[in-house]
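Worksheet for the structure shown next.
The values are calculated or read from the model by the stated rules, or taken from the named source; none is laboratory data. Bear in mind that the values here come from a model prediction, so they are computed numbers and not experimental data. So basically every Cβ, Gly included, is an ideal-geometry build from the backbone, and we count neighbours across all protein chains shown. We work out accessible area using only protein heavy atoms, side chains counted, and drop any ligands, DNA or RNA first. Shrake-Rupley method; radii C 1.70, N 1.55, O 1.52, S 1.80 Å.
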Amino acid sequence: MRSIVAKMTCRAASEEDAPLLAELNGQLIRDEGHRNPMTLAELEARMRGWLTGEYEAVLFLQQGQAAGYALFRREPEHVYLRQFFVRPEFRRQGIGRAALGWLREHAWADASRVRLDVLIGNAAGIAFWRAVGFRDYCLTMELEAHPGGASDPAGSE
């Protein structure tokens, strides 16, 4: 494992990386079971907007090939890690842990804390984040509107 991680490099992503980041984001959406229906073109446009706005991204490279990425923004009290993804063929090799270490040392050295969201059904993601030291902090809950638009949980039949 150490030799694989030793070959990993990280670099800041730019707007020119938006097509690659959109492709990786699409894989993330599928892998974690997110309900986001955006097309690749829509994901790319959104990523461009984020990168020209308040977000920064870092690509994780393994022998020049994109192994994953992180997308984050700095907030007054913390860094918000919006997306973190390692391609399936690079998982279980220490790359995610090494990338997180790189981010903490280089991109977030001045941050007092890092926050992120994990979908409840993403057991592997929850296990990873706990294994690298993150703790449960809050649980976001939602109530979807009924097909007719009402959000009455008791129903109105």
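Observations on the model:
- PHE85 meets each of the listed conditions (1) touching a strand residue (DSSP E or B) at 6+ places or on another chain (Cβ under 6 Å); (2) farther than 22 Å from MET8 by Cα apart from (2).
- Residue check for THR140: under 27 Å from GLU16 (Cα atoms) and of a type in the set (S, T, N, Q): no
- Residue match in region 34-54 (condition: under 24 Å from PHE134 (Cα atoms), at pLDDT below 90 and either among the polar types (S, T, N, Q) or under 13 Å from the mean Cα position of the chain (by Cα) (or both)): yes
- Only one of the numbered conditions (1) modelled with pLDDT of 95 or more; (2) of a type in the set (D, E, K, R); (3) part of a loop (DSSP other than H, G, I, E, B) is not met by GLU144, and that is (1).
- Yes/no for ALA98 being in a strand (DSSP E or B), surrounded by 13 or more Cβ atoms within 10 Å (Cβ to Cβ) and in contact (Cβ under 8 Å) with a residue 40 or more places away in the chain: no
- Which listed residue is open to solvent by 80 Å² or more (accessible area, probe 1.4 Å), within 15 Å of PHE85 (Cβ to Cβ) and at pLDDT 90 or above, from ASP136, ASP117, ASP110: ASP117
- Scanning region 44-79 for residues that are surrounded by 18 or more Cβ atoms within 10 Å (Cβ to Cβ) and either more than 15 Å from ALA12 (Cα to Cα) or without any contact (Cβ under 8 Å) to a residue 12 or more places away in the chain (or both) yields a count of 2.
- A count restricted to region 80-95 and to residues that are open to solvent by less than 30 Å² (accessible area, probe 1.4 Å), farther than 17 Å from GLU56 by Cβ and not in a loop (DSSP other than H, G, I, E, B) stands at 3.
- ASP31 meets the conditions (1) within 14 Å of the chain's Cα centre (by Cα); (2) of a type in the set (D, E, K, R); (3) farther than 19 Å from GLY94 by Cα in every case but one. The failed one is (3).
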